[in-house]
Amino acid sequence: MATGTTRTTGSGLGEYLRVRRERVRPGDVGLPEGARRRVPGLRREEVALLAGISVEYYLRLEQGRDQRPSDQVLDSIARALRLDTDAENYLRELARPSRAARAGPSGPERVGAGVRSLIDNWTTTPAHVHGRYMTTLAANPTAVALSRFFSPGVNTLHAAFLEPEMRALYRDWDGMTAKAVAYLRSAVGSAVDDPRLAELIGELSLRSERFRTLWARQDVRQKTSGVTLLLHPRVGPLDLRYEKLALPGAPGQVLVTYHAEHGSPSYERLRLLAHLATRPSPGTTVPGTTAPGTAAARGTRDAPGRA
């Protein structure tokens with residue numbers, strides 16, 4: 001898996017500790033900055049001191065020679081590195097990967113008929129379901145009208161970084177891409193070596209400097225709601241709230257909906273967009289979004305029954 005200039009320790013846990021250590025400024029934890037520091041962030045011995053563990057033990061963790069730290073050690077390291085809740089949860093997942101995360105999906109990801117019927121009935125609410133690899137599995141006509149890259153079979157992460165049309169759609173493309181990568185890392189947990197996921201990350205790392213930089217930062221954010229700012233080519237500016245809801249009984253599948261404040265200009269524009277929406281023809285694909293052999297291309301084959 002290509003990760004740009006990121007160094008490797010041979011351990012997902014060790015690599016995460018190193019990156020997070022280098023991003024903590026000494027002044028943030030009450031240590032003197034010093035003018036002669038040769039490393040970014042904290043030194044290993046400083047993390048060990050703050051966490052109340054030996055330097056030798058912390059070194060073993062970063063080097064991947066000890067990958068079973070106790071809960072007490074994880075608590076102490078999380079405090080030392082000033083990890084928020086999402087980052088701390090990710091740290092624990094790396095230390096104790098779940099069996100489901102290691103195994104990944106056992107077959108093609110499919111959206112239940114009930115969920116498909118539900119989102120199709122939301123005629124003025126754009127809604128789509130993406131799977132474990134950020135490939136859209138189902139979408140209603142209003143979501144496709146919002147962006148053709150929300151069509152079933154399209155990998156939205158792939159499109160976000162590699163399609164100029166997506167960059168033009170998002171008024172805050174930098175912020176959107178940063179949140180998308182942090183969300184992906186949170187969603188996949190310890191399964192970063194999943195072959196399909198590794199292929200997608202590797203392709204994006206090679207083709208997008210922005211993705212390569214963001215992935216190397218090891219940011220983690222389980223952002224399930226917020227505001228997205230769009231500039232739609234047909235209806236103009238849209239300020240939309242989004243909600244991401246995990247689907248029970250379908251590991252890795254997330255329902256994403258968009259809505260606007262009632263009576264706002266964005267609300268009226270969204271209603272106009274819904275009126276303009278047309279249902280895509282069966283078998284329709286979006287040109288330029290999938291390449292043979294990529295995870296995105298396989299996402300198209302794994303998304304039966306287009307919405």
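A few points about this structure:
- Verdict on MET166 being more than 21 Å from TYR16 (Cα to Cα) and in contact with a Leu (Cβ under 8 Å, 6 or more places away or on another chain): no
- ARG196 part of a helix (DSSP H, G or I), among the charged types (D, E, K, R), within 21 Å of PRO251 (Cβ to Cβ) and out of contact with any strand residue (DSSP E or B) (no Cβ under 7 Å at 6 or more places or on another chain): yes
- Counted as qualifying within the stretch 140-181 are the helices (runs of 4 or more DSSP H) with 3 or more residues that are more than 24 Å from GLY202 (Cα to Cα), out of contact with any Cys (no Cβ under 8 Å at 6 or more places or on another chain) and not aromatic (Phe, Trp, Tyr), namely 141-146.
- Flag for PRO126 being in contact with a strand residue (DSSP E or B) (Cβ under 7 Å, 6 or more places away or on another chain) and under 20 Å from PRO233 (Cβ atoms): yes
- Number of residues in the stretch 244-280 that are in contact (Cβ under 8 Å) with a residue 60 or more places away in the chain, open to solvent by less than 80 Å² (accessible area, probe 1.4 Å) and polar (S, T, N, Q): the value is 2.
- Those helices (runs of 4 or more DSSP H) lying entirely in the stretch 14-124 with at least 1 residues open to solvent by 80 Å² or more (accessible area, probe 1.4 Å) and more than 27 Å from TYR183 (Cα to Cα): 44-51, 55-62
- Only listed residue being more than 14 Å from the chain's Cα centre (by Cα) and over 27 Å from ARG110 (Cβ atoms), chosen from ARG241, ARG221, ARG217: ARG241
- The residues of the stretch 210-243 that are among the charged types (D, E, K, R), in contact (Cβ under 8 Å) with a residue 40 or more places away in the chain and open to solvent by 50 Å² or more (accessible area, probe 1.4 Å), listed by number, are ARG210, ARG212, ARG217, ARG221, LYS223, ARG234.
- Within the stretch 175-194, not a single residue is open to solvent by 10 Å² or more (accessible area, probe 1.4 Å), free of Cβ contacts under 8 Å to residues at least 12 places away in the same chain and more than 19 Å from LYS244 (Cβ to Cβ).
The values are calculated or read from the model by the stated rules, or taken from the named source; none is laboratory data. In this text, all values refer to a predicted model and were calculated from it rather than measured experimentally. Positions of Cβ are generated from backbone atoms using ideal geometry, with glycine treated the same way; all protein chains shown enter the neighbour counts. Side chains are part of the model used for accessible areas, which takes the heavy atoms of the whole protein and leaves out ligands, DNA and RNA. Shrake-Rupley method; radii C 1.70, N 1.55, O 1.52, S 1.80 Å.
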